[in-house]
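No value in this document is a laboratory result; all are computed from the given coordinates. Bear in mind that the values here come from a model prediction, so they are computed numbers and not experimental data. Neighbour counts are summed over all protein chains in view; Cβ atoms, including those assigned to glycine, are modelled from backbone coordinates with ideal geometry.
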Amino acid sequence: MCGIVGFVGHREAAEFLLSGLSKLEYRGYDSAGIAVFSDRIRTIKTKGRLADLRAKVEAEGGISGCLGIGHTRWATHGAPNDINSHPHSSMSGRITVVHNGIIENYLELRAELEAAGIRFTSDTDTEVVSQLFDFYYDDCGKDMVETLKKVLVRLRGSYALGILSTDYPDRLLAVRKDSPLIIGLGEGENYIASDIPAVLESTSDYYLLNDNEIAVLTAESITILDAQTYAPVTRDIYHVTWDISAAEKGGYDYFMMKEIHEQPEALRNCVGSRLTEEGIRLDDITFSEEQMKNLNRIHIIACGSAWHAGIVGKYVIEELARVPVEVDLASEFRYRNPILSPNDLCILISQSGETADTMAALREAKRQGIHTLAVVNAVGSSLARESDDVLYTMAGPEIAVATTKGYMTQLGVLYLIGLYFGAARGTLKPETAAKLSKDLYALPDQVRTLIEQDEVYQAIAAEHAAKEHAFVIGRGVDYAASMEGSLKMKEISYIHSEAYAAGELKHGTISLIEPGTLVIAVATQDTLYEKLLSNAKEVKARGAYVLAIVKEGCTSIEAVADKVIYIPTTDDLLAAALTVVPMQLIAYYIAIERGCDVDKPRNLAKSVTVE
Ligand code: F6R
């Protein structure tokens with residue numbers, strides 16, 4: 001998704017903007033641009049990577065000035081080309097804008113403005129914002145805030161906006177609705193950005209904006225105006241506790257590898273403080289014991305890997321808390337007129353907390369008056385702020401497009417929820433809870449031992465990197481984990497991979513198995529191990545290469561499998577947190593063998609803020 005930065009201060013803005021944008025590359029983009037106020041507002045933008053933009057800025061002799069905005073664009077309206085890149089200026093050139101989000105009524109606004117004689121140069125929805133702003137500007141006495149108020153009344157959709165006017169060489173306006181934007185506080189300078197890493201080199205302090213609040217930034221001041229009354233409001237300052245090195249690669253070739261290695265610590269942060277002698281402590285939850293006891297049904301709603309975590313959650317929560325759990329893809333949930341009842345609970349899972357479909361599902365749940373609980377990583381994100389309760393996954397910043405520690409910590413929270421609800425509902429025996437808590441506490445170290453077997457995964461990857469198809473099979477929790485392992489393979493190494501419930505294979509898909517087809521057989525569930533062994537034999541008999549992932553001690557699989565990876569012993573319900581690790585690393589090394597850009601897989605964006 002698009003990334004925004006803005007700067008006002010007393011030093012060269014361009015350097016800050018280019019460096020800030022580089023910290024937002026993880027969001028995915030296809031073009032980039034900056035606009036800086038010198039004697040006028042000068043804009044330089046280009047299709048391609050930030051290196052292309054930097055080269056263009058240098059070729060034009062640099063761009064000097066202490067006020068500016070920058071943007072990385074992930075095309076939604078109009079092709080990724082120079083003209084559609086942001087920033088976008090009005091026809092007169094007085095107003096220049098960067099935007100993240102989608103203006104849903106842009107065609108209608110554009111037609112209206114064109115009828116008034118305004119000429120558009122791009123295909124974007126964003127250009128209507130700069131043109132509309134300019135259109136109202138004189139009537140509002142060239143007052144930027146008054147003009148923006150008028151513009152906001154006309155906009156439908158989502159937006160984070162940074163706005164410059166040629167009349168104000170000292171100020172930057174910002175506003176957001178349903179798209180992320182933070183306001184960074186510097187000394188003698190201030191910033192806006194789509195995410196914290198963009199400003200972290202300059203400040204650890206920031207404000208969050210609520211929907212439609214307007215922020216006016218100068219070098220010395222930040223004024224935030226209420227969304228309804230436009231009276232100035234005071235805001236708490238958020239302080240980032242991780243420094244810039246946490247948002248950078250820390251010596252690894254790719255963020256994904258760094259984040260895979262951060263999983264033990266992330267999981268420890270996530271579960272450590274919540275597993276206490278007295279049981280599970282989920283201090284931030286307002287959902288009462290009474291409500292837990294009277295629960296009718298839980299709906300888990302998410303997208304992609306977060307949805308996969310939700311499927312693991314279904315097995316765990318149903319087993320421990322004996323309450324039915326439905327798992328929905330957010331993009332389906334919102335349009336299927338879901339049947340919710342007052343004693344239901346909706347759990348929404350998201351790393352970014354900004355995924356458009358998950359946000360829409362949250363709003364649907366709230367519209368129906370259902371209690372909502374967000375499982376989210378990004379502190380202060382839209383999902384976190386709009387849900388009734390939040391459990392942070394505490395993974396730290398996740399930069400690689402393909403999630404690893406985000407997914408891992410989502411599992412961590414779901415395990416905690418299972419234990420917590422099970423205890424409250426009286427469905428979990430204290431001795432079972434104690435044993436599971438002990439196993440959960442041991443998980444981070446077990447994850448570490450698996451990560452350390454690096455050469456094993458490299459060798460497997462080297463052997464299978466040329467393959468075009470793979471299958472990942474499992475039953476129960478193993479099937480849920482297979483989905484995540486399979487997605488990792490698809491998205492970063494571009495191998496066509498499918499996850500299958502192992503018992504379902506022979507109902508059609510087994511016809512795709514050919515000599516040499518890679519089949520990863522995940523078989524950690526004690527009661528299902530024998531069944532999985534039979535399924536592995538079925539594919540082996542058709543020539544598949546079987547890579548088995550089993551618990552320590554399950555050596556009988558060696559008679560069937562070509563290669564076996566053993567995971568440390570844990571409770572069946574917790575096994576997904578372990579089996580996923582070899583699959584992440586095999587996918588990673590296959591991607592490297594195939595020369596793929598691991599951190600920025602083609603066609604993907606980190607934060608999916610459009611439907
Ligand atoms: C895959 C991946 C995506 C996300 C999905 C939801 O590796 O990262 O499938 O899980 O886009 O994103 P969040 O969790 O930010 O809502």
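Please go through the stretch 3-100 and write out the GluC sites (Glu not before Pro) that DSSP classes as loop and that have at most 13 other C-beta atoms within 10 Å.
Details: sites: Glu12, Glu15, Glu25, Glu58, Glu60; in loops: Glu12, Glu60.
Sites meeting the loop and neighbour criteria: Glu60.
Relative contact order for the chain using alpha-carbon pairs under 8 Å, separation at least 6, rounded to a whole percent? Don't skip to the end; give the middle numbers.
Details: 1384 pairs, mean separation 71.0, N = 611.
Across the chain, relative contact order equals 12 percent.
Note down the net charge around Tyr254, summing +1 for each Lys or Arg and -1 for each Asp or Glu among other residues with Cβ under 10 Å from its Cβ. Write down the numbers at each step before the final one.
Numbers: positive: Lys249, Lys258, Lys600; negative: Asp253, Glu259, Asp597, Asp599.
Every neighbour counted, the sum reads -1.
Is the stretch 267-332 rounded, prolate or oblate when judged by the Cα gyration tensor, a ≥ b ≥ c being the square roots of its eigenvalues, rounded requiring a/c under 1.5 and prolate requiring a/b larger than b/c? Mind dumping the intermediate values first?
Numbers: a/c = 2.00, a/b = 1.29, b/c = 1.55.
The shape class here is oblate.
Viscosity 0.890 mPa s, temperature 25 °C: give me the Stokes-Einstein translational D for the stretch 462-553 in µm²/s, with Rh taken as the Kirkwood radius over C-alpha pairs. Before the final figure, lay out the partial values.
Details: Rh = 13.0 Å.
Here the translational diffusion coefficient equals 189 µm²/s.
Plugging the Kirkwood radius over Cα pairs into Stokes-Einstein for the stretch 21-105, at a temperature of 4 °C and a viscosity of 1.567 mPa s, what D comes out in µm²/s?
Working: Rh = 13.1 Å.
Estimated diffusion coefficient is 99 µm²/s.
Can you give the local net charge around Ala576? Use residues other than it whose beta-carbon is closer than 14 angstrom to its beta-carbon, Lys and Arg +1, Asp and Glu -1. Before the final figure, lay out the partial values.
On the way: positive: Lys314, Arg475, Lys488, Lys551; negative: Glu319, Asp439, Asp478, Glu484, Asp571, Asp572.
Residues close to Ala576 contribute a combined charge of -2.
Under a 5 Å amide H to amide H cut-off, with H placed in plane at 1.01 Å, what residues pair with Ile567 once short-range neighbours are removed?
Correct list: Val550, Lys551, Glu552.
With only alpha-carbon atoms in the gyration tensor, what are the semi-axes of the equivalent ellipsoid for the stretch 290-366, in Å, largest first? It would help to have the intermediate numbers written out before the result.
Working: eigenvalues 78, 44, 20 Å².
With the √(5λ) rule applied to the stretch 290-366, the semi-axes are 20, 15, 10 Å.
Given contacts defined as C-alpha pairs under 8 Å and at least six residues apart, what's the relative contact order of the stretch 1-88, whole-number percent? Walk me through the numbers before you get to the answer.
Numbers: 203 pairs, mean separation 35.2, N = 88.
Relative CO of the stretch 1-88 lands at 40 percent.
Which of rounded, prolate, oblate describes the stretch 200-301, given a ≥ b ≥ c as roots of the alpha-carbon gyration tensor eigenvalues and a/c under 1.5 marking rounded, otherwise prolate only if a/b is larger than b/c? Intermediate results must be reported in sequence, preceding the final value.
Details: a/c = 2.52, a/b = 1.19, b/c = 2.11.
Oblate is the answer for the stretch 200-301, as a/c is 1.5 or above yet b/c matches or exceeds a/b.
Compute the acute angle (0 to 90°) between the alpha-carbon long axis of helix 576-593 and the principal axis of greatest extent of the alpha-carbon atoms of the chain; round to the nearest 10°.
Between the helix axis and the principal axis of the chain, the angle is about 60 degrees.
Holding the Cα-Cα limit at 18 Å, pick out from Lys366/Lys405; Lys405/Lys600; Lys45/Lys177; Lys488/Lys606; Lys249/Lys606; Lys258/Lys563 the pairs that are longer than that. Don't jump to the answer; show the numbers that get you there.
Values: Lys366/Lys405 29 Å; Lys405/Lys600 16 Å; Lys45/Lys177 25 Å; Lys488/Lys606 14 Å; Lys249/Lys606 16 Å; Lys258/Lys563 26 Å.
Cα-Cα > 18 Å for Lys366/Lys405; Lys45/Lys177; Lys258/Lys563; rest within.
Wrap a convex hull around the Cα atoms of the chain, take a quarter of its surface area, and give that in square nanometres. Could you put the intermediate results ahead of the total?
Numbers: hull surface 112.1 nm².
Reported value for the Cα convex hull: 28.0 nm².
What is the stretch 376-464 by shape, rounded, prolate or oblate, if you read a ≥ b ≥ c off the alpha carbon gyration tensor as root eigenvalues and call it rounded for a/c under 1.5, prolate for a/b larger than b/c, and oblate otherwise?
Numbers: a/c = 3.19, a/b = 1.28, b/c = 2.49.
The shape class here is oblate.
Once Lys and Arg get +1 and Asp and Glu get -1 on their Cβ, which of Gly184, Gly157, Tyr137 lies farthest toward the positive end of the dipole of the stretch 127-186?
Of the listed residues, the answer is Gly157.
By how many degrees, between 0 and 90 and to the nearest 10, does the Cα long axis of helix 13-22 differ from the longest principal axis of the chain?
Taking the Cα atoms of the chain, the angle to 13-22 is about 20 degrees.
With a cut-off of at most 14 other beta carbons within 10 Å, and DSSP calling the residue loop, which chymotrypsin sites (Phe, Trp or Tyr not before Pro) in the stretch 502-586 qualify? Please list them.
On the way: sites: Tyr529, Tyr545, Tyr566; in loops: none.
Qualifying residues, ordered by number: none.
Which whole-number percent gives the relative contact order of the stretch 128-245, counting Cα pairs below 8 Å spaced six or more residues apart?
Details: 202 pairs, mean separation 22.3, N = 118.
Computed value for the stretch 128-245: 19 percent relative contact order.
Report the local net charge at Ser352: Lys and Arg +1, Asp and Glu -1, summed over other residues whose C-beta lies under 10 Å from its C-beta.
Computed value for this residue: -1.
Within the stretch 325-371, list the trypsin sites (Lys or Arg not before Pro) lying in a DSSP loop whose Cβ has at most 13 other Cβ atoms in a 10 Å radius. Don't skip to the answer; put the middle values down first.
On the way: sites: Arg334, Arg336, Arg363, Lys366, Arg367; in loops: Arg334, Arg336.
In loop regions of the stretch 325-371 (DSSP not H, G, I, E or B), the sparsely surrounded trypsin sites (Lys or Arg not before Pro) are Arg336.
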